[in-house]
Amino acid sequence: MGLVTDLLEHPLLGTDSRRTRYAIAFLVGLVALVLASHAGTVLTVGGAPLETTSQGFDLLSAVIIVIVVATITVVPIAYAGWNGGPGLAFAIPLVPVTLGEFISRRYVLGLDMMIALTVGAVGAAVALYATDVRATGCFRVWNARSIDENLLVFVTSVSLVASLSAISFVRSVPEHVFELYTPFLVLWLVPTVIVCTYWGVWVRAAVGTGRDHRPLES
Amino acid sequence: MTGRRPFLGKLATAGVVTAAGLVIVPSPPESPATVSGTTDESADSAIESENTPWLEADQPITDEDATPIARYQFQATKTGFEPTAPINVVVPLADAPDVDLETVIGVFEDAGWTREFEEYTRYAWDRSTERYVLQEATAAETYYGTSGRLHVRCWEFENVVSIQAHEDDAARPFHVIDSYDRGRRVAEALFRANGWGVSRAAIDLDNAEHPDHDGYASVVWPTSREGDRELDADAADTSETGSDIDDGPEVNPT
């Protein structure tokens with residue numbers, strides 16, 4: 001239990017372990033819903049597909065699509081603002097998308113996954129900033145405290161992975177798919193601005209203090 | 001801020017994480033370059049078939065029982081079945097014994113579409129058994145269609161595959177059909193890219209629907225079939241028929 005508790009309290013997952021638990025419970029529930037819906041298409045009752053036995057499966061599909069679309073596009077950013085946690089904010093949209101890829105027994109960078117990576121990168125960057133805002137109580141966080149290099153390096157890594165994937169994606173997908181992704185391009189401003197700003201502050205601090213001065217991170 | 005050595009260690013770790021991430025993230029699907037939604041109508045082929053005389057009928061097909069073609073897909077409701085979207089691509093297989101429904105849906109699968117995904121449950125009327133039949137083969141570009149997707153449902157009745165092809169919009173909150181025409185054009189392009197014959201808007205199914213379906217279905221067939229390889233410029237004229245879009249409902253649940 002100690003390991004789990006420590007994990008739940010890790011700043012990559014969130015600043016408040018209770019909220020982190022809520023987010024993980026939400027993801028577990030969503031996974032269960034998607035699996036239940038898939039079971040309706042593959043299981044049979046008396047030779048008839050399970051999904052034909054009740055209109056509830058049609059409703060279930062509709063509900064899942066609504067929840068998943070929100071999970072891919074809105075929830076990561078909302079969670080980041082609510083509880084920080086760049087790691088979980090990045091993972092939230094990828095969970096349902098990756099599950100879908102496994103169910104369909106393929107693994108490609110489709111539009112759903114590209115959007116999930118994009119929003120995940122945004123969520124991670126917002127979580128980095130939100131964590132500092134919650135810790136310092138002010139929005140100009142770089143004036144109030146030092147930078148958590150672990151979180152910054154993590155957010156930089158996932159932003160790089162997502163952005164390089166986006167470049168590969170837009171260069172290879174058909175025109176109509178690119179058009180569907182176009183509205184999400186503007187989101188790249190968020191991680192770009194936040195990550196560049198944080199590294200700018202880090203460089204200024206490094207130049208100003210020298211590299212081997214006392215640790216400043218909290 | 002940490003010392004130089006620990007920080008360089010973090011950077012090295014970040015490099016490994018980044019490299020691992022790039023390896024884990026999959027590649028985009030390999031779709032044929034023709035899947036742009038545009039159609040070269042000059043390449044349409046003439047339809048000839050002894051086994052499918054209804055393909056050349058002058059009169060519109062207005063009854064689900066008139067031919068093996070399903071004219072609509074249906075949604076099950078508490079009071080019965082209600083049509084939700086028109087069939088807009090038809091694949092006659094009577095002259096192609098080696099081709100079946102799996103071959104037809106395989107064209108979409110080969111384009112990187114998925115066969116298993118989250119979708120609504122729909123049916124089509126089978127006149128031979130006099131019952132509504134659950135979608136027999138489906139394909140879509142993505143599992144959820146977060147920002148929209150191309151999506152097809154297929155049924156095979158009496159050696160004829162009826163396809164409902166459309167483009168979903170982004171789910172806000174439910175998927176609504178954005179375009180039947182783009183779905184049909186992309187389906188045509190995919191079949192043509194695979195060497196199939198295509199005759200655009202060749203059959204009048206009298207099922208025009210908002211927002212952009214003209215009531216006609218394109219006919220697609222494997223070119224291994226005898227007697228239908230010759231090009232006929234007149235076939236392109238059939239594409240001029242469709243502008244009588246009716247004032248149907250603005251929202252078509254997919």
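For this structure, a couple of remarks:
- Per the listing A:Ala116, A:Ala124, the residue uniquely more than 10 Å from chain B (Cβ to nearest Cβ), at pLDDT 95 or above and in a helix (DSSP H, G or I) is A:Ala124.
- Subset of region B:103-126 (residues that are farther than 13 Å from B:Gln75 by Cβ and not acidic (Asp, Glu)): B:Thr103, B:Val104, B:Ile105, B:Gly106, B:Val107, B:Phe108, B:Ala111, B:Gly112, B:Trp113, B:Thr114, B:Arg115, B:Phe117
- Counting only strands (runs of 3 or more DSSP E) that fall entirely inside region B:169-224 and contain at least 2 residues that are of a type in the set (A, V, I, L, M, F, W, C) and crowded, with 21+ Cβ neighbours inside 10 Å, the qualifying elements are B:197-204, B:216-221.
- Strands (runs of 3 or more DSSP E) fully within region B:50-131 counting 2 or more residues that are free of Cβ contacts under 8 Å to residues at least 40 places away in the same chain: B:80-86
- Check on A:Phe184, within 12 Å of another protein chain (Cβ to nearest Cβ), modelled with pLDDT of 95 or more and surrounded by 11 or more Cβ atoms within 10 Å (Cβ to Cβ): yes
- Counting only helices (runs of 4 or more DSSP H) that sit wholly inside region A:130-205, those with at least 1 residues that are under 16 Å from A:Asp112 (Cα atoms) are A:149-172, A:175-185.
- Selection count, region A:82-113, where residues are more than 9 Å from chain B (Cβ to nearest Cβ) and part of a helix (DSSP H, G or I): 12
- Some residue of region A:68-81 being without any contact (Cβ under 8 Å) to a residue 12 or more places away in the chain and either at the interface with another protein chain (Cβ under 7 Å from one of its Cβ atoms) or surrounded by 24 or more Cβ atoms within 10 Å (Cβ to Cβ) (or both): yes
The values are calculated or read from the model by the stated rules, or taken from the named source; none is laboratory data. Just so it is clear, the model here is predicted, and its values are computed rather than measured. All Cβ positions, glycine included, derive from the backbone under ideal geometry; neighbour counts span all protein chains shown.
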